[in-house]
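K.L.:
One structure, as structure tokens, below. Some questions next.
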Amino acid sequence: MALVNEHFLKLSNNYLFADIAKKVKAYQVSHPKQRVVSLGIGDVTQPLCPAVVEAMHKAVDEMATKATFRGYGPERGYDFLREAIVKNDFLPRGIHLDINEVFISDGAKSDTGNIQEIVRWDNSIGVTDPIYPVYIDSNVMIGRAGVLEGGKWSNVIYFPCTAENGFIPEIPDRRVDMIYLCYPNNPTGTVITKDELRKWVNYALRNDTLILYDAAYEAYIQDDSIPHSIYEIKGARKCAIEFHSYSKTAGFTGVRCGYTVIPKELSAVTLDGSRRIELNHLWDRRQSTKFNGTSYISQRAAEAIYSPEGKAQVKETIDYYMGNAHIMYDALTQMGFQVFGGENAPYLWVKTPHGETSWKFFEALLYGAGVVCTPGVGFGPSGEGYIRLTAFGDRSDCQEAMQRISNWQNGR
Ligand SMILES: *Cc1c(COP(=O)(O)O)cnc(C)c1O
């Protein structure tokens, strides 16, 4: 008899975007003529840039000829891409990585979800709150997060990020074994300064804490003083794993490619305290058993964004999305909303007026303006009383959404 992993059952009824889709569908049934504008789900809308498309066509042609056909690639990824990453994403920031510290992935979701496999099930975990749900859910699935009680997991330590503390999480006053940080942040769109990040690195070094740093949105940073990588902070090589993704950087949500950095100095200790084990080695062992690499075509596509044309084209798309963010930020602020994020990230985090709950405001916005947002509470208890808007839409949709919200507000 096969028994199920009952930890999975703790997760049911907790899928945010399915709940949203259900509510939008109900609205559309009662308002068949109204077009809904979605500023909800965090998918991109602009196509791949020409440099990427050209590289993919070329890679497909190589696959079509016996002499240049590629089968299984190296599990860690092709050297051409890992070299491009080390040279373009890190060296200009004064970070020296060996290519064997870089693991090519099929995206940051898999790696941020899978990384917890290489540490013991009874490590304590800490997350900034609200947060990208993958970090917690992947720990729930193996029983590390405990049980859900009043919107919080019993074994998870939450670091609230709200308007009250300026979205700056407080360094814990106790030991936490693993901490997830995501900057620029999804969902709040806020960033962390070097000084604040240094506090986390120093905390981690003092407490032998493993930091899991998700940099999926680093390409959206506009302010030169904001760190793009945790390795800009001294000592981070000893305490942090960093995740990157081409999904938001270059519209790869459907192509699938990202990478994870695990420095050679990073280690964790055995239960009896007698040995320190290199996490780079453990992850390599894990990946070579469970992962067979990202497709050659996707890796050639990713390499292309580091060419001069690729860089310029990717920047153009990011500028387009950040232009949307600007328009939305200005419009909503002018309407009197309290708006956060949107300056170094493609997300705007909006305080609901009059203390309305996230879901109540979600419904009011849907029925009042035909605009879909994401209720903040779906990202954690400290998200209650906020909604998230994304800047990944078409310019015209953004403008129309702002017009509709304005009309609705004037009549409220
Ligand atoms: C979108 C996103 C990712 C990227 O996921 P992929 O699997 O690379 O598409 C990772 N982390 C966060 C916080 C995200 O929002």
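The values are calculated or read from the model by the stated rules, or taken from the named source; none is laboratory data. What you see is a predicted model, and the numbers here were worked out from it, not measured in a lab. Cβ placement follows ideal geometry from the backbone for every residue including glycine, while neighbour counts extend to all protein chains displayed.
K.L.:
Which members of segment 98-113 meet the condition of being within 11 Å of the ligand (Cβ to nearest atom), outside any strand (DSSP E or B) and in contact with a helix residue (DSSP H, G or I) (Cβ under 8 Å, 6 or more places away or on another chain)?
P.N.:
Passing the criteria: 106, 107, 108, 109, 112, 113.
K.L.:
When both residues are 6+ apart or on different chains and their Cβ atoms are under 9 Å apart, which pairs have a first residue that lies in segment 70-93 and is free of Cβ contacts under 8 Å to residues at least 40 places away in the same chain, and a second that is in a loop (DSSP other than H, G, I, E, B) and not hydroxyl-bearing (Ser, Thr, Tyr)?
P.N.:
Here the result reads 86/95; 86/96; 86/97; 86/98; 91/97, each pair linking segment 70-93 to a residue that is in a loop (DSSP other than H, G, I, E, B) and not hydroxyl-bearing (Ser, Thr, Tyr).
K.L.:
Collect the residues in segment 164-200 that are surrounded by fewer than 23 Cβ atoms within 10 Å (Cβ to Cβ), under 21 Å from the mean Cα position of the chain (by Cα) and either assigned to a helix (DSSP H, G or I) or at pLDDT below 95 (or both), keeping them in residue-number order.
P.N.:
194, 196, 198
K.L.:
With the condition being free of Cβ contacts under 8 Å to residues at least 24 places away in the same chain, under 20 Å from residue 240 (Cβ atoms) and hydrophobic (A, V, I, L, M, F, W, C), I'd like the strands (runs of 3 or more DSSP E) fully within segment 254-310 carrying at least 1 qualifying residues.
P.N.:
Per the criteria, 276-278.
K.L.:
Let me ask you something else. Working only within segment 133-157, note down all residues that are more than 13 Å from the ligand (Cβ to nearest atom), crowded, with 22+ Cβ neighbours inside 10 Å and of a type outside the set (A, V, I, L, M, F, W, C).
P.N.:
Hits for segment 133-157 are 139, 144.
K.L.:
Quick check: is even one residue across segment 59-73 within 16 Å of the ligand (Cβ to nearest atom) and at pLDDT 95 or above?
P.N.:
Scanning segment 59-73, I find no residue that is within 16 Å of the ligand (Cβ to nearest atom) and at pLDDT 95 or above, so the answer is no.
K.L.:
Within segment 353-374, does at least one residue satisfy the condition of being in a strand (DSSP E or B) and under 23 Å from the mean Cα position of the chain (by Cα)?
P.N.:
Yes.
K.L.:
Hey, another quick one. Given the conditions (1) surrounded by fewer than 17 Cβ atoms within 10 Å (Cβ to Cβ); (2) among the aliphatic types (A, V, I, L, M); (3) touching a Leu at 6+ places or on another chain (Cβ under 9 Å), which single one is not true for residue 277?
P.N.:
(3)
K.L.:
Here are 217, 246: which of them is of a type outside the set (Lys, Arg), surrounded by 21 or more Cβ atoms within 10 Å (Cβ to Cβ) and under 24 Å from residue 157 (Cβ atoms)?
P.N.:
217
K.L.:
A further question on this structure: Working only within segment 1-47, note down all residues that are farther than 30 Å from residue 139 by Cα and among the basic types (Lys, Arg).
P.N.:
Within segment 1-47, 25, 33, 35 qualify.
K.L.:
So which residues in segment 114-132 are buried (at least 19 other Cβ atoms within 10 Å of the Cβ) and either within 15 Å of the ligand (Cβ to nearest atom) or among the charged types (D, E, K, R) (or both)?
P.N.:
Those that are buried (at least 19 other Cβ atoms within 10 Å of the Cβ) and either within 15 Å of the ligand (Cβ to nearest atom) or among the charged types (D, E, K, R) (or both): 115, 116, 127, 128, 129, 130, 131, 132.
K.L.:
Could you please find all residues in segment 201-220 being assigned to a helix (DSSP H, G or I), without any contact (Cβ under 8 Å) to a residue 60 or more places away in the chain and under 17 Å from the mean Cα position of the chain (by Cα)?
P.N.:
Within segment 201-220, 218 is the sole residue that qualifies.
K.L.:
Can you tell me which residue among 331, 345 is among the hydrophobic types (A, V, I, L, M, F, W, C) and not in a helix (DSSP H, G or I)?
P.N.:
Numbers: 331 fails: not in a helix (DSSP H, G or I).
Residue meeting the stated conditions: 345.
K.L.:
Something else now. Just checking, does segment 170-193 include any residue being over 30 Å from residue 316 (Cα atoms) and out of contact with any strand residue (DSSP E or B) (no Cβ under 9 Å at 6 or more places or on another chain)?
P.N.:
yes
K.L.:
So, one more: Does residue 299 satisfy being of a type outside the set (A, V, I, L, M), more than 19 Å from residue 184 (Cα to Cα), touching a Phe, Trp or Tyr at 6+ places or on another chain (Cβ under 6 Å) and within 16 Å of the ligand (Cβ to nearest atom)?
P.N.:
Against the criterion (of a type outside the set (A, V, I, L, M), more than 19 Å from residue 184 (Cα to Cα), touching a Phe, Trp or Tyr at 6+ places or on another chain (Cβ under 6 Å) and within 16 Å of the ligand (Cβ to nearest atom)), residue 299 qualifies.
K.L.:
Away from the ligand (no atom under 16 Å from the Cβ) and either assigned to a loop (DSSP other than H, G, I, E, B) or on the phi < 0 side of the Ramachandran plot (or both): which single residue out of 91, 81 fits that description?
P.N.:
None of the others qualify; the one that does is 91.
K.L.:
Residue under question is residue 184, and the condition is that it be of a type outside the set (S, T, N, Q) and within 15 Å of the ligand (Cβ to nearest atom); does it hold?
P.N.:
Spelling it out, residue 184 is indeed of a type outside the set (S, T, N, Q) and within 15 Å of the ligand (Cβ to nearest atom).
K.L.:
Going residue by residue through segment 197-220, is there one that turns out to be touching a strand residue (DSSP E or B) at 6+ places or on another chain (Cβ under 7 Å), of a type in the set (S, T, N, Q) and more than 15 Å from the ligand (Cβ to nearest atom)?
P.N.:
Yes, segment 197-220 contains a residue that is touching a strand residue (DSSP E or B) at 6+ places or on another chain (Cβ under 7 Å), of a type in the set (S, T, N, Q) and more than 15 Å from the ligand (Cβ to nearest atom).
K.L.:
Looking at segment 231-253, which of its residues are assigned to a loop (DSSP other than H, G, I, E, B) and closer than 18 Å to residue 84 by Cα?
P.N.:
252
K.L.:
Could you go through segment 336-355 and let me know if any residue there is within 30 Å of residue 58 (Cβ to Cβ) and surrounded by 19 or more Cβ atoms within 10 Å (Cβ to Cβ).
P.N.:
So far as segment 336-355 goes, yes, one or more of its residues are within 30 Å of residue 58 (Cβ to Cβ) and surrounded by 19 or more Cβ atoms within 10 Å (Cβ to Cβ).
K.L.:
Let me ask something else. Just to be sure, is residue 45 farther than 17 Å from residue 305 by Cα and either touching a residue at least 24 places away in the same chain (Cβ under 8 Å) or among the aromatic types (Phe, Trp, Tyr) (or both)? Steps first, answer last, please.
P.N.:
Details: farther than 17 Å from residue 305 by Cα: yes; either touching a residue at least 24 places away in the same chain (Cβ under 8 Å) or among the aromatic types (Phe, Trp, Tyr) (or both): yes.
It is true that residue 45 is farther than 17 Å from residue 305 by Cα and either touching a residue at least 24 places away in the same chain (Cβ under 8 Å) or among the aromatic types (Phe, Trp, Tyr) (or both).
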